[in-house]
Structures are given as structure tokens and as C-alpha cells.
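Shown next, in C-alpha cells, is the structure this report addresses.
The values are calculated or read from the model by the stated rules, or taken from the named source; none is laboratory data. The shown structure was predicted, so the numbers you read here are calculated from the model rather than taken from an experiment. Cβ placement follows ideal geometry from the backbone for every residue including glycine, while neighbour counts extend to all protein chains displayed. Ligands, DNA and RNA are excluded from the accessible area calculation, which covers all protein heavy atoms including side chains. Shrake-Rupley method; radii C 1.70, N 1.55, O 1.52, S 1.80 Å.
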Amino acid sequence: MTRVLALSGIAGSIGFLAAVLADGALRPDYDPYRHQVSLLLLTDRGRIESVVFVASGVLIMAFATVLRRAHLSGARSVGGAAAVALAGVGLVVAGFFPPDPGFGYPPGAPAGLGEPVSTTAYAHLLGAMLLFFGLGLASLAFGRRLAHARQPMWAVFSTLSGIAVILFLGASSGGPDGQFLPAHVGVLQRVSLVAGLGWTAVLAARVAREA
């Protein structure tokens, strides 16, 4: 069961990344360099992405249940496991509550955030924050524990992953019509996701191997 739950962490992380990267590259009128991943939840195809968000979040939460007990050769972080669970919850919330049309997508949407902002959009923002900060805090927490356990390579990998999640999230926060790299918001956000969910998948693979 430990191995099965660990493999669910791989499936949830890699499955989500594969789905959003592929859909963003192939969807008409959608620019993955400018548009946030959240906007994939809009239009008729958004229902498929909603299922991807929710299913991936549930799989990551399942992984967090075994991660709480995993010692990783002497390194254990209950707080880090809780942060991974929060990231999974964030994906589920974001999948259930899509954002408002905006930033030029779908075609005809406002150039920035629409006014007034809906309640579902605020709920989606909460889910997104849980996802990104959960991934960032989890990798930083495990980096600290792995350093104490004298596993320097793993500690550096986890710490750098956490820094990348937060750094690239901050770089993408301006929005496509904002003042900070507006033409590259989508790709910056995707780097943050790849750093966080890639770290989750690698950690899950280690837990499965040690099981």
C-alpha cells in the first residue's frame, strides 16, 4: 500500500503537468507564454481540465498520507507532508472553481481581470495559493530535514526546488497586462509548476523505491 500511494504521487504530479502543458500548446487562441494555466479551465474544454485538476489533487493528497510516515532514510518531515496535502487540496479547489474570463482569454475577454470579480474566482485564487505555497513550503521543509539527515544532494535539490517555485511564481504574478514581464507570465508560471510538481514526483519515486 505504501508503494501504491507513492505511485499515486507520481501519477498526480506528472499527469497534471502533461495534461496542462499539452492542452496549452494545442488549444486554439490560447498562448502558453502569456496565459496562466488556470485559464485552461474556461471554454467547453475546461470541463476536461477540471477533471484533471481534481483527480491530480486527490492523487497528491493520497501520496501525502504515506509521506507523513515515510522516514526517507532518517529524514522525516510531518510539516512537509502536510504542505504536500495542502497543495493537493489547492488543486481540487482550483478545479471545482474556475477563474473568470480575463487576460484576453477566451477571445473577447477583458485585457486584465474582469470587473467585478466573482466569488468562484476568489475561491480559485485561494486554491492556486494553496497549491503553489504548499509545494514551495513542502520542498523547503524537506530540504531542511534532509540536510539534518546528512543527505546533501537531496537537501540541495529540495531547497532549490522550493526556491524556484516561489521565485517563478512571484515573477509571474503581474498578469499578462501587468508591468512585470507581461508577455511571459504563462511560461514563468509553468516553470514554477514544473519545479514543484517535478520535485513531488521525484520524492514519490524515492518513497516507492524505499518501500
With Cα atoms, 0 to 90° folded angle of helix 119-148 axis to the chain main axis: 30
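Pairs of alpha-carbon atoms within less than 8 angstrom and 6+ residues apart define the contacts here; what relative contact order does the chain have, in percent?
Details: 402 pairs, mean separation 55.9, N = 211.
It comes to 27 percent, rounded to a whole number.
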Along the positive direction of the dipole of the chain (beta-carbon charges: Lys, Arg +1; Asp, Glu -1; about the Cα centre), which of Val4, Ser173, Ile14 reaches farthest? Val4
Please find, in a Gaussian network model of the chain (springs between Cα atoms separated by less than 10 Å), the residue of Ala171, Ala87, Ala128 whose mean-square fluctuation is greatest. Ala171
Which value does Rg/Rh take for the chain over its C-alpha atoms, Rh per Kirkwood? 0.99
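Per residue, how much accessible surface does the range 81-211 expose to a 1.4 Å probe? Answer in Å², no decimals. Before the final figure, lay out the partial values.
Values: 5950 Å² over 131 residues.
Ligands and nucleic acids excluded, the result is 45 Å² per residue.
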Helix 2-26 versus the longest principal axis of the chain: what is the Cα-based angle in degrees, 0 to 90, to the nearest 10? 20
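If we count every other residue with Cβ under 14 angstrom of Pro28's Cβ, Lys/Arg +1 and Asp/Glu -1, where does the sum land?
Numbers: positive: Arg27, Arg45; negative: Asp23, Asp29, Asp31, Asp44.
Around Pro28, the charge tally is -2.
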Around Ala121, what is the net charge, scoring Lys/Arg as +1 and Asp/Glu as -1 over all other residues with Cβ under 13 Å from its Cβ? -2
Helix 185-210 versus the longest principal axis of the chain: what angle, 0 to 90°, nearest 10, using Cα atoms? 20
Starting with the highest mean, order 135-142, 147-154, 195-202 by the number of other Cβ atoms within 10 Å, averaged over the residues of each peptide. 135-142, 195-202, 147-154
Let me make sure I get this right: for the range 117-194, a, b and c are the square roots of the gyration tensor eigenvalues over alpha carbons, sorted descending. Under 1.5 in a/c it's rounded, otherwise prolate if a/b > b/c, else oblate. Which is it? oblate
Among 38-45, 106-113, 18-25, the order from most to least packed when residues are scored by Cβ within 10 Å on average: 38-45, 18-25, 106-113
